[in-house]
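> Okay, handing you the structure first.
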Amino acid sequence: MRIIGVVVCVGFWLLGEAIVRSLGSSYGGGLVGFALFFVTLRARLIPLERVRGGSGLLVTHLAFPIVGVTAGVTYAARSFAAEGVAIVVSTLVSTLLCLSVVGLAAKWRLRTETTDP
Amino acid sequence: MSALLFFLGCAGAYAGAYVTRARHRLPVLMLAAAVVGVVLVLLGPGVEAAFRQGIAPYSYLLGPMTVALAVPLAEASEDGARKARVGFTTALLLVSAGLSAASIVLVARWLGASATACASLAPRAATSALSVPTSEALAGSASLTSVIVATSGVLVGLVGPGLLSLLGVKDPRARGLALGASGHLVATARAWEESREAGTASTFALIVHGVLTVGVSFLLHALRFF
């Protein structure tokens with residue numbers, strides 16, 4: 001069953017690639033394929049049960065193809081050494097802001113939902 | 001040094017970190033990348049061209065993996081439609097994606113970062129499968145984006161639950177949304193450890209927030225923020 005899900009994901013990726021290339025875009029076809037696949041699933045043109053196993057396999061190993069890119073920061077670090085402070089501070093601000101805003105707003109909304117008659 | 005060795009070395013590092021994950025309990029990506037990174041430092045800058053050539057084939061795997069995220073999103077959106085107010089949640093995640101991308105770009109620019117660094121930082125709040133291609137499309141550095149995304153995920157995974165408790169956020173759905181939106185896969189794994197409810201909310205946030213962050217990053221680029 002897993003192979004079906006993997007083949008379907010590869011098929012939608014290739015479809016996305018074909019679309020972005022025909023449009024002359026430099027953007028990868030993965031996201032276009034993702035959007036098309038999501039719409040197809042929501043429209044129930046493909047049953048979720050058929051693709052759940054294969055998708056689960058790919059999502060579980062999401063980190064696999066980015067090990068090399070992440071390790072490649074060894075070279076990127078040299079290029080961006082002069083901007084290290086800007087990168088670290090901006091990342092901390094953005095991450096903690098996002099965590100706090102979403103947590104507090106969702107907490108407020110869920111409390112309102114509970115107390116509303 | 002042959003490109004093939006780097007290709008196999010990355011696969012081996014991942015396999016080793018994945019198989020032993022129950023023992024070391026570290027994020028698999030961080031451990032595998034750290035091992036490869038140490039090897040690269042030891043080998044020096046002379047092997048960069050062979051390394052780049054060796055890891056290039058992996059980019060073809062990112063496409064199908066990005067597509068695969070549509071399945072948990074479709075499942076989560078079906079659950080969410082019944083259990084929560086999806087409209088509010090999506091609006092909240094849109095605000096959060098805007099805040100994340102705008103704050104990181106503005107602070108980085110204020111501190112003197114280049115346009116390339118800003119393009120690499122803008123999609124930080126999206127999971128790697130979404131942020132890396134976005135960074136490349138915006139002429140950023142895929143390596144820098146990947147490490148920033150992984151680092152912020154580890155940061156949220158480590159301090160996020162404690163910070164949310166300090167802020168009085170106890171509802172598992174609220175905790176899951178916050179963890180998934182800010183800390184990607186690492187924090188989502190942490191949310192699943194807390195409860196199924198937190199894990200489901202985190203998965204929903206991980207994907208919706210990621211997609212919205214991609215849109216916001218392009219918008220900021222079009223508005224010449226960087």
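The values are calculated or read from the model by the stated rules, or taken from the named source; none is laboratory data. Since this is a predicted model, take the numbers as computed values, not measurements. Cβ placement follows ideal geometry from the backbone for every residue including glycine, while neighbour counts extend to all protein chains displayed. For accessibility, only protein heavy atoms count, side chains too; no ligands or nucleic acids. Shrake-Rupley method; radii C 1.70, N 1.55, O 1.52, S 1.80 Å.
> Would you check which residues across the stretch B:154-170 are over 15 Å from A:Val93 (Cβ atoms), facing chain A (nearest Cβ under 9 Å) and open to solvent by 50 Å² or more (accessible area, probe 1.4 Å) and list them?
Correct list: B:Leu167, B:Lys170.
> Here is a follow-up. Among the residues of the stretch B:168-185, which ones are in contact with a Cys (Cβ under 7 Å, 6 or more places away or on another chain) and of a type outside the set (Ser, Thr, Tyr)?
Step one: list which residues in the stretch B:168-185 are in contact with a Cys (Cβ under 7 Å, 6 or more places away or on another chain), which gives B:181-182.
The one that is in contact with a Cys (Cβ under 7 Å, 6 or more places away or on another chain) and of a type outside the set (Ser, Thr, Tyr): B:Ala181.
> Going by what's in this entry, would B:Ala108 be described as under 30 Å from B:Ala56 (Cβ atoms), part of a loop (DSSP other than H, G, I, E, B) and either in the same structural domain as B:Gly183 (by TED's automatic domain parsing) or open to solvent by 20 Å² or more (accessible area, probe 1.4 Å) (or both)?
Judged against the criteria, B:Ala108 is not a match.
> Of all residues in the stretch A:1-31 being in a helix (DSSP H, G or I), of a type outside the set (D, E, K, R) and in contact (Cβ under 8 Å) with a residue 40 or more places away in the chain, which is surrounded by the most Cβ atoms within 10 Å (Cβ to Cβ)?
A:Cys9
> Only helices (runs of 4 or more DSSP H) wholly contained in the stretch B:125-226 count here; list those with 1 or more residues that are at positive phi. Steps first, answer last, please.
Working: elements: B:128-137, B:142-166, B:172-194, B:196-222.
It comes to B:172-194.
> Going by the conditions given, is B:Tyr14 under 30 Å from A:Val10 (Cβ atoms) and touching a helix residue (DSSP H, G or I) at 6+ places or on another chain (Cβ under 7 Å)? Can you show your working first?
Working: under 30 Å from A:Val10 (Cβ atoms): yes; touching a helix residue (DSSP H, G or I) at 6+ places or on another chain (Cβ under 7 Å): yes.
Judged against the criteria, B:Tyr14 is a match.
> Answer yes or no as to whether A:Gly54 is touching a Lys or Arg at 6+ places or on another chain (Cβ under 6 Å) and crowded, with 21+ Cβ neighbours inside 10 Å. Please lay out each step first, then the result.
Details: touching a Lys or Arg at 6+ places or on another chain (Cβ under 6 Å): yes; crowded, with 21+ Cβ neighbours inside 10 Å: yes.
For A:Gly54, the condition - touching a Lys or Arg at 6+ places or on another chain (Cβ under 6 Å) and crowded, with 21+ Cβ neighbours inside 10 Å - is met.
> For the stretch B:171-191: of the residues being of a type in the set (Lys, Arg) and open to solvent by 40 Å² or more (accessible area, probe 1.4 Å), which is farthest from B:Ser96 (Cα to Cα)?
Of all residues in the stretch B:171-191, those of a type in the set (Lys, Arg) come to B:173, B:175, B:190.
Within this subset, residues satisfying the condition of being open to solvent by 40 Å² or more (accessible area, probe 1.4 Å) are B:173, B:190.
Values: B:Arg173: 16, B:Arg190: 20 Å.
The residue in question is B:Arg190.
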